[in-house]
Amino acid sequence: MLETALYFIQQLLNGLTIGSTYALIAIGYTMVYGIIGMINFAHGEIYMIGTYISFIAISGLIPLLGIEYLPLILIITLAVSMFISSTYGWAIERIAYRPVRGGNRLIALISAIGMSIFLQNYVRIAQGSRDIAMPSLIQGGWSFGPPEGFQASLSYMQLFIFIATFITMGGLTLFIARSRMGRACRAVSEDMKMAGLLGINTNRIISLTFVIGAALAAVAGLLLGLYYGVTNPYIGFIAGLKAFTAAVLGGIGSIPGAMLGGLLLGVTESMTSAYFSSEYKDVVSFGLLILILLFRPTGLLGKPEVEKI
Amino acid sequence: MLKLQNVHTHYGKIEALKGVSLEVKEGEIVSLIGANGAGKSTLLMTVCGDPRASSGKILFEGNDITQANTPDIMRSGLAIVPEGRRVFAGLTVLENLHMGGFFTNKQEFESTLEHVFKLFPRLRERQSQRSGTMSGGEQQMLAIGRALMTKPRMIFLDEPSLGLAPIIINQIFEIIEQLRDEGMTVFLVEQNANQALRLADRGYVLENGEVVLQDTGDNLLVNEDVRKAYLGG
Ligand SMILES: Nc1ncnc2c1ncn2[C@@H]1O[C@H](COP(=O)(O)OP(=O)(O)OP(=O)(O)O)[C@@H](O)[C@H]1O
Ligand SMILES: [Mg+2]
């Protein structure tokens with residue numbers, strides 16, 4: 001009995017760990033969709049780039065600076081990675097999306113897919129296509145349960161993921177709800193034309209959403225990079241699909257929806273792996289995506305679709 | 001203050017404005033009337049740069065704004081209360097007003113806000129209400145208040161009376177008059193020709209993208225053609 005409960009709790013913790021990183025990536029999809037009504041298919045690649053920047057910072061920059069204090073290493077890595085990834089996010093919008101905005105949606109979609117393929121190959125050429133290992137900076141954890149039987153564990157790494165995600169999302173929520181720019185983001189995603197008629201430079205607000213989305217993907221990049229301890233140029237694709245599923249599940253365009261969707265998806269996956277088979281995990285995720293698209297296209301927290309131009 | 005010279009505007013192949021020339025002088029209320037689809041909204045929006053004029057010239061306070069982009073034009077002292085109000089439904093009343101006052105500093109913001117609340121006490125009471133849940137009349141007040149928050153010298157109003165009860169319409173026309181008395185220049189588009197012309201110093205009649213008549217408000221009110229077409233005989 002206790003054993004079953006502990007096993008369940010373990011799966012829940014694992015699911016929430018992965019789920020919170022899905023949520024971080026999903027926010028980028030949902031914010032961009034909310035504002036310009038397009039799916040930024042290159043967003044998964046930003047996350048992938050984030051893992052590489054984190055890796056390069058940890059294994060190259062930090063030793064160069066001679067820093068050994070762990071919190072400082074994490075903060076510097078995060079700052080560098082968020083900054084560089086944001087620059088990529090900003091540039092993607094400028095180069096691939098803005099020139100085709102207002103035209104046929106299919107053109108924007110093709111441009112996004114093209115950008116995604118380009119980034120993948122760009123990293124492959126620059127960094128090689130083989131897996132690279134991330135140093136495991138955060139080790140150890142707590143175990144609880146009877147010494148003989150099944151022990152549930154919460155690693156410090158998982159705890160770090162929870163805390164980092166919580167702070168990031170809390171910060172974003174406050175920013176969107178309270179700040180002047182956050183208010184402008186909401187106004188522009190509701191009625192871009194009207195915002196322009198109030199003198200607001202809507203292009204800047206669009207850029208800002210790409211920057212924020214990319215910065216959050218970079219946070220996920222560091223977290224998952226450390227958690228899995230490995231990265232390669234192809235991880236962006238599947239992570240992007242998962243996060244996209246999470247965004248749709250929660251209701252695309254809704255930020256709380258993306259958070260909820262990410263967590264739900266993570267837990268669903270870990271439960272599937274634990275109680276059925278890990279081979280079914282992706283089938284269940286994408287099955288879920290199809291079911292939602294069929295029966296509740298607005299997602300759990302989404303509003304009915306408003307046609308965006 | 002505002003001058004249009006032979007302005008043409010196209011939506012693709014459709015020519016919505018066919019060489020419009022008109023002028024609004026500082027401190028005036030000028031009304032523009034015309035049937036559905038005459039191009040009234042297009043005219044206002046063309047001055048705002050969305051869509052851009054395909055030819056002709058638009059001068060605002062002497063500056064050529066024909067090719068300027070919308071945000072720049074709207075930051076230069078012009079504000080619009082667009083057709084259909086377009087309040088940000090998911091934002092509260094105060095947040096909507098904040099969007100209007102996006103570029104003013106805190107001090108200016110506070111004093112302008114006080115002014116708007118004086119004009120529309122209802123907005124003060126409803127500050128934290130989500131604007132999408134307000135009545136049509138309240139939303140219209142908010143749309144006007146939001147435009148005023150930008151501290152414009154000239155304001156465009158596109159059919160502010162549409163869909164409102166007579167008592168609210170009167171209230172809004174009184175506010176417009178009050179704004180003029182405070183020195184605001186007003187360009188008013190209306191289907192409610194009677195009230196719009198009575199209020200106006202001068203008026204223009206737009207038909208099929210062309211100005212067909214212009215005169216003082218009083219003269220247009222008694223003009224035979226105007227009476228037949230827009231005042232119900
Ligand atoms: N976005 C658009 N795309 C294509 N055609 C448009 C567009 N907006 C307006 N038009 C056309 O331009 C013409 C003028 O429209 P406009 O909205 O300016 O008229 P209006 O005088 O404001 O009418 P109403 O009194 O009904 O508001 C109409 O024939 C309309 O169909
Ligand atoms: Mg109109």
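The values are calculated or read from the model by the stated rules, or taken from the named source; none is laboratory data. Given the structure is predicted, the values throughout are model-derived calculations rather than measurements. For neighbour counting, all protein chains shown are included, and Cβ atoms are generated from backbone atoms with ideal geometry for every residue, glycine included.
See the values below:
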{"quantity": "Residue check, residue B:73 surrounded by 15 or more Cβ atoms within 10 Å (Cβ to Cβ) and under 23 Å from residue B:199 (Cα atoms)", "calculated": "no"}
{"quantity": "Residues that are within 8 Å of chain A (Cβ to nearest Cβ), within 13 Å of residue B:152 (Cβ to Cβ) and not aromatic (Phe, Trp, Tyr), drawn from the stretch B:97-119", "calculated": "B:100"}
{"quantity": "2 or more residues surrounded by fewer than 22 Cβ atoms within 10 Å (Cβ to Cβ): qualifying strands (runs of 3 or more DSSP E) within the stretch B:1-56", "calculated": "B:2-11, B:14-24"}
{"quantity": "Of all residues making up the stretch B:80-96, the number that are touching a strand residue (DSSP E or B) at 6+ places or on another chain (Cβ under 7 Å), buried (at least 19 other Cβ atoms within 10 Å of the Cβ) and facing chain A (nearest Cβ under 8 Å)", "calculated": "2"}
{"quantity": "Check on residue B:94, assigned to a helix (DSSP H, G or I), more than 16 Å from ligand 2 (Cβ to nearest atom) and in contact with a helix residue (DSSP H, G or I) (Cβ under 7 Å, 6 or more places away or on another chain)", "calculated": "no"}
{"quantity": "Qualifying residue in the stretch B:117-139 (condition: farther than 25 Å from residue A:186 by Cβ, in a loop (DSSP other than H, G, I, E, B) and touching a helix residue (DSSP H, G or I) at 6+ places or on another chain (Cβ under 9 Å))", "calculated": "no"}
{"quantity": "Among residues of the stretch B:132-153, those that are away from ligand 2 (no atom under 16 Å from the Cβ), under 25 Å from residue B:77 (Cα atoms) and within 14 Å of chain A (Cβ to nearest Cβ), counted", "calculated": "12"}
{"quantity": "Positions within the stretch B:172-206 being farther than 23 Å from residue B:227 by Cα and either touching a strand residue (DSSP E or B) at 6+ places or on another chain (Cβ under 8 Å) or touching a residue at least 12 places away in the same chain (Cβ under 8 Å) (or both), in sequence order", "calculated": "B:172, B:175, B:176, B:177, B:178, B:179, B:180, B:183, B:184, B:185, B:186"}
{"quantity": "Hits in the stretch A:194-207 - residues which are in contact (Cβ under 8 Å) with a residue 24 or more places away in the chain and either facing chain B (nearest Cβ under 7 Å) or closer than 17 Å to residue B:101 by Cα (or both)", "calculated": "A:205"}
{"quantity": "Failed condition for residue B:25, given (1) away from ligand 1 (no atom under 16 Å from the Cβ); (2) facing chain A (nearest Cβ under 10 Å)", "calculated": "(2)"}
{"quantity": "Options A:75, A:58, A:125; residue that is in contact with a helix residue (DSSP H, G or I) (Cβ under 7 Å, 6 or more places away or on another chain) and either surrounded by fewer than 13 Cβ atoms within 10 Å (Cβ to Cβ) or under 22 Å from residue A:222 (Cα atoms) (or both)", "calculated": "A:58"}
{"quantity": "Matching entry among B:20, B:30 (being modelled with pLDDT of 95 or more, more than 14 Å from chain A (Cβ to nearest Cβ) and within 16 Å of ligand 2 (Cβ to nearest atom))", "calculated": "B:20"}
{"quantity": "Checking residue A:217 against (1) small (Gly, Ala, Ser); (2) buried (at least 17 other Cβ atoms within 10 Å of the Cβ); (3) at pLDDT below 95, the condition it does not meet", "calculated": "(3)"}
{"quantity": "Odd one out for residue B:50 among (1) acidic (Asp, Glu); (2) under 20 Å from the mean Cα position of the chain (by Cα); (3) away from chain A (no Cβ under 14 Å)", "calculated": "(3)"}
{"quantity": "Selection count, the stretch A:143-165, where residues are within 26 Å of residue A:259 (Cα to Cα) and either surrounded by 12 or more Cβ atoms within 10 Å (Cβ to Cβ) or touching a residue at least 60 places away in the same chain (Cβ under 8 Å) (or both)", "calculated": "13"}
{"quantity": "Where residue B:127 falls short, out of the listed (1) more than 14 Å from every other protein chain (Cβ to nearest Cβ); (2) away from ligand 2 (no atom under 16 Å from the Cβ); (3) under 11 Å from residue B:81 (Cβ atoms); (4) touching a strand residue (DSSP E or B) at 6+ places or on another chain (Cβ under 9 Å)", "calculated": "(3)"}
{"quantity": "Residue check for residue A:249: surrounded by fewer than 16 Cβ atoms within 10 Å (Cβ to Cβ), of a type in the set (A, V, I, L, M) and out of contact with any His (no Cβ under 9 Å at 6 or more places or on another chain)", "calculated": "no"}
{"quantity": "Elements of type helices (runs of 4 or more DSSP H) contained in the stretch A:33-129, each with 1 or more residues being more than 21 Å from the chain's Cα centre (by Cα)", "calculated": "A:62-65, A:70-92, A:105-127"}
{"quantity": "Tally of residues being out of contact with any Lys or Arg (no Cβ under 8 Å at 6 or more places or on another chain) and either within 8 Å of chain A (Cβ to nearest Cβ) or not in a loop (DSSP other than H, G, I, E, B) (or both) across the stretch B:64-78", "calculated": "6"}
{"quantity": "Odd one out for residue B:43 among (1) among the hydrophobic types (A, V, I, L, M, F, W, C); (2) modelled with pLDDT of 95 or more; (3) more than 30 Å from residue B:128 (Cβ to Cβ); (4) more than 9 Å from ligand 1 (Cβ to nearest atom)", "calculated": "(4)"}
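Rundown of residues vs (1) modelled with pLDDT of 95 or more; (2) hydrophobic (A, V, I, L, M, F, W, C); (3) farther than 14 Å from residue B:101 by Cβ, yes/no style:
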{"site": "B:130", "(1), (2), (3)": "yes, no, yes"}
{"site": "B:139", "(1), (2), (3)": "yes, no, yes"}
{"site": "B:142", "(1), (2), (3)": "yes, yes, no"}
{"site": "B:146", "(1), (2), (3)": "yes, no, no"}
{"site": "B:149", "(1), (2), (3)": "yes, yes, no"}
{"site": "B:155", "(1), (2), (3)": "yes, yes, yes"}
